[in-house]
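Chemist: First, the structure itself, so that you have it in front of you.
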Amino acid sequence: MKKRGILLLWSIVVPVFLIAQTIVDVPSDWNPNTGELREGKLNDAVQAALNAGTLSNTTFRLQLGGYYVLVGTLNVPAGQKLTIIAPQPGNTPETCPPQIVWTPTGGVNRSYLIQCNGHLTMKNLWVRYANTNGEQVGTTILFAEDPNAVAGQYGIFENVIFDYSPCPPNAGGAVTVTCTHFKGSFKNCYFKNCIDPHLRYYGRALSFPYQTTGWHGDSVVFENCTFANMGYVLMQEGGEFHDYVKFNHCTFLNVVMFPLESGWWYKLAVTNCLFVNCWMFGWMPAQTGKSNYTGKYEPNGGVFRIDSVSNFGFTPWWAQGVSDPEQERRILFTNSAYALEKWLVQWMLADNKWADSMFRARTPDMIPLPHPMLSPQTKVFFDSVTATGQKAFPYINRRNLYNGLNEDMLTYPWPWSPDGRRKITQVTGALDNLVRNEMYCPNFLVPVTDTALIRGFMQRKWVDNSDTNWAWRPYEGQYMQWPLTENLAYTNTTLQTAGMGGFPLGDLFRWWPQRYQQWLAQKAAEDATIDNWLYNGITSVERLDGTIIPAQFELYQNYPNPFNPSTTIRYTVPVKEHVTIKVYSLLGQEVATLVDEMQEPSEYKVTFTANNLASGVYFYRLKAGNIQITKKFVLMK
């Protein structure tokens, strides 16, 4: 296997950025006491540090509630770094994150908010892709190539709101990559209303520019982030991709097309995430080909897809000279949910003008269907087995997924009307059979959703591609409404405990602050489990058939014992509970997580394979609520 070493760079390099920093407090351009607005103070402060040769050693601290109007691009020369922070925001209008916007003055080049040929850190900020008049501005934070940055160019973003970003001039995203060793960390960030009124595929969180080649990311991590009202979230095209991609505890709501593009994954971990109303544009059977492998229609899938390396159209560096490059890949999709709200599915299939016209024209294969969670081809990678019953791709795994759509209904011809003569709303019970909202739709408390505007935008994209702005309450961003009026916490009790460790799915930082603090206490252990599952594969948990509910928790002795390298562990669960089974060394070091999920009353078995462990005595421990049971077993190679 190719060497990894991607994650280790963060722990080595990032602390160097925090040494010997001089704090420069930058006053707000807007003085609420006098009503005076003097634009460009942040520009002036950054330029002064550049002139003095102290940019890399300076931290620019903005005021809570401050308003900062850029009069030009903030430039970061190669080999240098820019750090802009603010104190932790509070819960009052006066303690909102400082907002950065553009001047409306004519003659200003607004292509780039920041052009970074070095490194960039931003924390506790509100970046609004608009001018002081509230008008959207096509602009981006650009990471441009430093050919000498062999260790990478770093973008570190923590608790940053990226608000109202349309298509920038370079056809990228809110953050755009045009360098060859980008390393991005997005922690507790909120991408909101990143929409383009014309282009359904713009309004992106992180993107390479359209129709470029040669750019590349070493690693990208999104943790406890929200993406609400987007064109795409992560864009990878033109043979440009990121080696390591991780989304953990992220919430996706109302994404027109790709949440994660495209299928060229090398190392991908999607864990504890919540996907709602993704790929709203849908797929049309008449425009979608069938897979050579499955013989089925091959829509992209509402979350992500996996392509065969032979179909990439290029050879990535990690596949060069490798006889079976598929075995080099590490892909993990676990503890996540996917749902489309019923109003959206009904609009797609029945209630819009495009669907009406296609019915009248007797071309129902042009009516958009919701995407399945995963495409048929992607499921082949996850689920294929060899002739001996072993996983064909042991390091491409899915587990503990909650699917809010009945995918048996997402075929063509339609199961509810094979001749295409009846809409789904004309067949009793068909819509409810397709959309399982009562099971896995989260039911957000205050969603970032204007259903009328979304219906209007989608209909225009299907019919004539005319323009309309479908952002949710953009005026709240213009007037710095704080606290935010939306709330993407939810009432679905299943999803509230579906994450690893029994935590809610999705962004904990912004929507579940109390649970977030509890989650932080176990973050290191969760990261270790994700890393272990990604690089070493995960064990399969099998629920055994039986009608008798166990009377108590039991953990049985493994068989065989001693073992080499695999053994089976049986256990019983008498009540619905979050169950973990972990393996420890004789010194008490955790070496594997076998089970970490909510389980129904039943008997289960799990297989543990210890290919990467040395011979010796180990312990396996079941924990469920207040119950804790430990057994000893012996690995003898």
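Chemist: Would you mind listing the strands (runs of 3 or more DSSP E) fully within region 571-611 where at least 3 residues are among the charged types (D, E, K, R)?
Modeler: Answer list for region 571-611: 590-599.
Chemist: Collect the residues in region 299-352 that are within 19 Å of the chain's Cα centre (by Cα), of a type in the set (S, T, N, Q) and open to solvent by 10 Å² or more (accessible area, probe 1.4 Å), keeping them in residue-number order.
Modeler: Of everything in region 299-352, just one residue is within 19 Å of the chain's Cα centre (by Cα), of a type in the set (S, T, N, Q) and open to solvent by 10 Å² or more (accessible area, probe 1.4 Å), namely Asn300.
Chemist: Being among the polar types (S, T, N, Q), in a loop (DSSP other than H, G, I, E, B) and open to solvent by less than 10 Å² (accessible area, probe 1.4 Å), is that true of even one residue in region 179-195?
Modeler: Looking through region 179-195, at least one residue is among the polar types (S, T, N, Q), in a loop (DSSP other than H, G, I, E, B) and open to solvent by less than 10 Å² (accessible area, probe 1.4 Å).
Chemist: So which residues in region 370-393 are of a type outside the set (Phe, Trp, Tyr) and under 23 Å from the mean Cα position of the chain (by Cα), if there are any at all?
Modeler: Scanning region 370-393 gives Pro370, His371, Pro372, Met373, Leu374, Ser375, Pro376, Gln377, Thr378, Lys379, Val380, Asp383.
Chemist: Same structure again: Inspect region 116-127 for any residue being of a type in the set (D, E, K, R) and either in contact with a Gly (Cβ under 8 Å, 6 or more places away or on another chain) or closer than 25 Å to Glu36 by Cα (or both) and give the result as yes or no.
Modeler: no
Chemist: Next up: Hey, among the residues in region 60-88 that are assigned to a loop (DSSP other than H, G, I, E, B) and of a type in the set (S, T, N, Q), which one's nearest to the chain's Cα centre (by Cα)?
Modeler: Gln88
Chemist: Among the listed residues Ala430, Ala387, Ala361, which satisfies the condition of being of a type in the set (Gly, Ala, Ser) and touching a residue at least 12 places away in the same chain (Cβ under 8 Å)?
Modeler: Being of a type in the set (Gly, Ala, Ser) and touching a residue at least 12 places away in the same chain (Cβ under 8 Å) holds for just one of Ala430, Ala387, Ala361, which is Ala430.
Chemist: Are there strands (runs of 3 or more DSSP E) fully within region 89-169 with at least 1 residues that are without any contact (Cβ under 8 Å) to a residue 60 or more places away in the chain and among the small types (Gly, Ala, Ser)? List them.
Modeler: It comes to 140-144, 153-163.
Chemist: A further question on this structure: If you scan region 116-129, which residues turn out to be under 25 Å from the mean Cα position of the chain (by Cα) and either open to solvent by 20 Å² or more (accessible area, probe 1.4 Å) or closer than 16 Å to Trp470 by Cα (or both)?
Modeler: Scanning region 116-129 gives His119, Thr121, Lys123, Tyr129.
Chemist: Closer than 19 Å to Thr334 by Cβ and crowded, with 19+ Cβ neighbours inside 10 Å: does that describe Thr593?
Modeler: yes
Chemist: Still on this model: Identify the residue in region 24-58 that is in a loop (DSSP other than H, G, I, E, B) and β-branched (Val, Ile, Thr) and, among all such residues, is modelled with the highest pLDDT.
Modeler: Taking the candidates together, the pick is Thr54.
Chemist: Next up: With the requirement that a residue be farther than 15 Å from Gly214 by Cα, open to solvent by less than 30 Å² (accessible area, probe 1.4 Å), of a type outside the set (Gly, Ala, Ser) and in contact with a Cys (Cβ under 9 Å, 6 or more places away or on another chain), what does region 132-178 give you?
Modeler: Result: Ile141, Leu142, Gln153, Phe157, Asn159, Val160, Ile161, Phe162, Asp163, Tyr164, Pro166.
Chemist: Still on this structure, I have one more. Could you say whether any residue in region 404-427 is among the acidic types (Asp, Glu), more than 24 Å from the chain's Cα centre (by Cα) and surrounded by fewer than 18 Cβ atoms within 10 Å (Cβ to Cβ)?
Modeler: yes
Chemist: Which residues, counting only those in region 444-479, are open to solvent by 30 Å² or more (accessible area, probe 1.4 Å) and assigned to a loop (DSSP other than H, G, I, E, B)?
Modeler: Pro447, Asp450, Asp464, Asn465, Ser466, Asp467, Thr468, Asn469, Arg473, Tyr479
Chemist: Test of understanding: among Arg473, Arg455, which residue is at positive phi, among the charged types (D, E, K, R) and at pLDDT 95 or above?
Modeler: Arg473
For every residue, the table says whether it meets (1) under 15 Å from Ala337 (Cβ atoms); (2) part of a helix (DSSP H, G or I); (3) free of Cβ contacts under 8 Å to residues at least 40 places away in the same chain; (4) out of contact with any helix residue (DSSP H, G or I) (no Cβ under 7 Å at 6 or more places or on another chain).
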| position | (1), (2), (3), (4) |
| --- | --- |
| Gln377 | no, yes, no, yes |
| Pro394 | no, no, no, yes |
| Asn400 | yes, no, no, yes |
| Thr411 | no, no, no, yes |
| Asp419 | no, no, yes, yes |
| Thr425 | no, yes, no, no |
| Pro442 | yes, no, no, no |
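Chemist: Need pairs with beta-carbon distance below 6 Å; first residue basic (Lys, Arg) and within region 336-352, second open to solvent by 10 Å² or more (accessible area, probe 1.4 Å) and not in a strand (DSSP E or B); sequence gap 6+ or separate chains.
Modeler: Lys342/Asn437
Chemist: Only residues in region 230-243 that are among the β-branched types (Val, Ile, Thr) count as the first member; pair them with residues that are open to solvent by less than 10 Å² (accessible area, probe 1.4 Å), Cβ under 6 angstrom, at least 6 apart or cross-chain, and list the lot.
Modeler: Cβ pairs passing all conditions: Val233/Ala205; Val233/Phe227; Val233/Pro259.
Chemist: Within region 214-222, does at least one residue satisfy the condition of being touching a Lys or Arg at 6+ places or on another chain (Cβ under 7 Å), part of a strand (DSSP E or B), open to solvent by 10 Å² or more (accessible area, probe 1.4 Å) and hydrophobic (A, V, I, L, M, F, W, C)?
Modeler: Yes, that holds for at least one residue.
Chemist: Does region 59-78 include one or more residues that are open to solvent by 50 Å² or more (accessible area, probe 1.4 Å) and either at pLDDT below 95 or at positive phi (or both)?
Modeler: no
Chemist: Check whether at least one residue in region 312-329 is within 30 Å of Pro447 (Cβ to Cβ), of a type in the set (A, V, I, L, M) and in a loop (DSSP other than H, G, I, E, B), and report yes or no.
Modeler: no
Chemist: Quick one: in region 353-369, which of the residues that are surrounded by 15 or more Cβ atoms within 10 Å (Cβ to Cβ), hydrophobic (A, V, I, L, M, F, W, C) and not in a helix (DSSP H, G or I) is nearest to the chain's Cα centre (by Cα)?
Modeler: Leu369
Chemist: Still on this structure: Which condition number does Tyr559 fail, the rest of (1) aromatic (Phe, Trp, Tyr); (2) within 22 Å of Asn248 (Cβ to Cβ); (3) without any contact (Cβ under 8 Å) to a residue 24 or more places away in the chain being met?
Modeler: Looking at each condition in turn, Tyr559 falls short on (2).
Results for (1) within 18 Å of the chain's Cα centre (by Cα); (2) over 23 Å from Lys623 (Cβ atoms); (3) hydrophobic (A, V, I, L, M, F, W, C), shown as yes or no for each residue.
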| position | (1), (2), (3) |
| --- | --- |
| Leu488 | yes, yes, yes |
| Leu505 | yes, no, yes |
| Lys523 | yes, no, no |
| Asp531 | yes, no, no |
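The values are calculated or read from the model by the stated rules, or taken from the named source; none is laboratory data. All values reported here derive from a predicted model rather than from experimental measurement. Note that we place each Cβ from the backbone using ideal geometry, even for glycine, and neighbour counts take in every protein chain shown. Heads up: the accessible areas ignore ligands, DNA and RNA and are worked out on the full protein's heavy atoms, side chains in. Shrake-Rupley method; radii C 1.70, N 1.55, O 1.52, S 1.80 Å.
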